[in-house]
Amino acid sequence: MGQYHPGWVYRALLVGTALDYIRFLKGLMLGRLLSLQLLNILNAGHSIDGTLPDRPWEQAGYGLGLMTGTMSEVGRTFGHSGVGPDSVSTVYHFPDCLPPCTVAAFNESNNQGHNERVVVRLPLKIE
C-alpha cells in the first residue's frame, strides 16, 4: 500500500455505500439520469480484441466510462469492475435478465474475474 498513491485514483469519482453504487447504476441504466440519446452514446461499446482471461465475458468492450458487452448466462452487461490495493469492486446491470437487475460485489482481493463470476450468478437467485 505504500506505493499506491491515492491522488491519481480519487479524481472525479463518486463515493458512497454499496447500495448507493447499485442505485446509481440502476438509475443510469433505466434512463432516470440521462436522456435516451446520451444513454445510447454512453452504452455504445468499442470492442476489446481478444478475451479477458479468467473472466466471464463472452464479448467485452468499453463505452464512455462503462464496460459493455455480454457475459455468459446473463446476456448484455453494463457496469464496471475496479481494483484497488487488495480490494475489488464490481457493479453491473443486466437488462436481459427477467427481471432486469443491477448487482454489486466487493471483495478483499485483486481478482476482478472472481467478483464478475459472483455477480453473474446473483440474478439467477433473484425472483
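Looking at G84, G113, G75, just one residue is touching a residue at least 24 places away in the same chain (Cβ under 8 Å), more than 15 Å from I22 (Cα to Cα), out of contact with any Lys or Arg (no Cβ under 6 Å at 6 or more places or on another chain) and not hydrophobic (A, V, I, L, M, F, W, C), and that residue is G84. Is it the case that region 112-126 has a residue that's among the polar types (S, T, N, Q), part of a strand (DSSP E or B), surrounded by 15 or more Cβ atoms within 10 Å (Cβ to Cβ) and modelled with pLDDT of 90 or more? No, every residue in region 112-126 fails to be among the polar types (S, T, N, Q), part of a strand (DSSP E or B), surrounded by 15 or more Cβ atoms within 10 Å (Cβ to Cβ) and modelled with pLDDT of 90 or more. If the condition is being under 16 Å from T102 (Cα atoms) and among the polar types (S, T, N, Q), then region 49-71 contributes T68, T70.
For region 14-41, residues that are under 19 Å from D96 (Cβ atoms) and not in a helix (DSSP H, G or I) total 2. So, of the residues in region 57-72 that are touching a residue at least 40 places away in the same chain (Cβ under 8 Å) and under 12 Å from the mean Cα position of the chain (by Cα), which turns out to be surrounded by the fewest Cβ atoms within 10 Å (Cβ to Cβ)? Step by step, filter region 57-72, then rank; the result is W57.
The values are calculated or read from the model by the stated rules, or taken from the named source; none is laboratory data. As the structure is a computational prediction, the values presented were derived from the model and not from experiment. Using ideal geometry, Cβ is built from the backbone for each residue, glycine included, and neighbour counts are taken over all protein chains shown.
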